[in-house]
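One structure is given below, encoded as structure tokens.
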Amino acid sequence: MHTTIQRLNGVFSFLTTVTFILSACIALTSFLIPSSPTSDLKVSNFRVVNGRAPRSSSKATEFAFMNFDLDAGTPISYFFVG
């Protein structure tokens, strides 16, 4: 009979092995599949407002508000098109 600790050790060892093999496969395929990621960042609105934080003391602080549009990486459909 195996104790609970021994069974958990076996499960953990198996999961560690699977994670290592999966990581190795991902690392090897990165050499086979070319990757040229692109990104584009457009800031449309940026403003700084003086105010007071809700939970702080009476000290005034600066808050920054920013709206942006980020286009990053490769679309997922790239990998499924033959």
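The values are calculated or read from the model by the stated rules, or taken from the named source; none is laboratory data. Remember, predicted model here, so these are calculated numbers, not experimental data. Cβ atoms come from the backbone with ideal geometry, glycine included; neighbour counts cover every protein chain shown.
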(request) From the list Phe20, Phe31, Phe12, pick out the single residue that is among the aromatic types (Phe, Trp, Tyr) and exposed (fewer than 10 other Cβ atoms within 10 Å of the Cβ). (result) Phe31
(message) Six or more apart or on different chains, Cβ atoms under 7 Å: show the pairs whose first residue is in segment 29-56 and touching a residue at least 24 places away in the same chain (Cβ under 8 Å) and outside any strand (DSSP E or B) and whose second is surrounded by 10 or more Cβ atoms within 10 Å (Cβ to Cβ) and among the β-branched types (Val, Ile, Thr).
(response) Pro37/Thr74
(request) Looking for whichever is without any contact (Cβ under 8 Å) to a residue 24 or more places away in the chain and in a helix (DSSP H, G or I) here; the options are Thr17, Thr61. Which one fits? (result) Thr17
(message) Among the residues of segment 55-76, are any polar (S, T, N, Q), modelled with pLDDT under 80 and under 28 Å from the mean Cα position of the chain (by Cα)?
(response) yes
